[in-house]
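Let me give you the structure first, and then I'll get to my questions.
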Amino acid sequence: MAHSSTTAIDGFDRKILNIVQVSNRATSDYIADQVGLSPAAVQRRLKRLREQKIIQADVSVVDPRALGYAMTFVVQVTLERERVDLMHNFKKEMKANHSVQQCYYVTGSSDFILIVTAADMAGYDTFTREAFFDNANIKSFQTNVVMDPVKVGLSVPIDEHTE
């Protein structure tokens, strides 16, 4: 998401963002101690960062294995035709599909890269039948099975010293 040039992020904001990316449950008092502001100033800054959509969501990260989703797949999808309406429909379908954790429209040899979770291969097979084989606009897809999720995260690197 693009932000207007009037969106000013200063060093305090950067420090606050680094803390809440690690734990969004950090209290204003704790953050204030770490960055050298008052708790009220921290709360005002967090409110502004949320209003400006710099902080897009406050979520809890759930271990998929704890809920029976032991497998992760990286899937490259190529569409048959790149018409805008068909592209829009595919994006909408992927956003609505609970097995799709991430979906990227990309350049290169494929059109989309998906991160998909499933309990097992049978669950992934069901996903592919519903999402790909029943869709006439899917030209092909290639699946990579994740053997070891070495690093998984959405943290953005933030240099606290850049203005």
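What is the distance, in nm, between label points placed 7 Å from the Cα along the Cα-to-Cβ direction at K139 and at S23?
Distance between label points: 4.9 nm.
Another one. In this model, which of K15/K47; K91/K151; K53/K151; K47/K92 are farther than 20 Å apart at the alpha-carbon?
Cα-Cα > 20 Å for K91/K151; K53/K151; K47/K92; rest within.
Taking R0 as 30 Å, what FRET efficiency do you get between E80 and A122 from their Cβ-Cβ distance, rounded to the nearest 0.05?
0.65
Leaving out ligands, DNA and RNA, what percent of the accessible area of the stretch 9-120 is carbon and sulfur, probe 1.4 Å?
51 percent
Counting only heavy atoms of the protein chains, get the accessible area per residue of the stretch 4-126 (1.4 Å probe) and round it to a whole Å² value.
Dividing the accessible area of the stretch 4-126 by its residue count gives 63 Å².
Hey, another quick one. What number comes out for the charge environment of F127, summing +1 per Lys or Arg and -1 per Asp or Glu over other residues with Cβ under 13 Å away?
Combined, the nearby Lys, Arg, Asp and Glu give -4.
Treat every Asp and Glu Cβ in the chain as -1 and every Lys and Arg Cβ as +1, leave all other atoms uncharged, and give the resulting dipole magnitude about the Cα centre to the nearest 20 debye.
380 debye
How much space per residue, in cubic angstrom, does the convex hull of the C-alpha atoms of the chain take up?
Per-residue hull volume (Cα only) is 157 Å³.
The values are calculated or read from the model by the stated rules, or taken from the named source; none is laboratory data. All of these numbers come straight from a predicted model, not from anything done at the bench. Positions of Cβ are backbone-derived with ideal geometry, glycine not excepted, and every protein chain shown enters the neighbour counts. When the accessible area is computed, the model is the full protein with side chains, heavy atoms only, and any ligands, DNA or RNA have been set aside. Shrake-Rupley method; radii C 1.70, N 1.55, O 1.52, S 1.80 Å.
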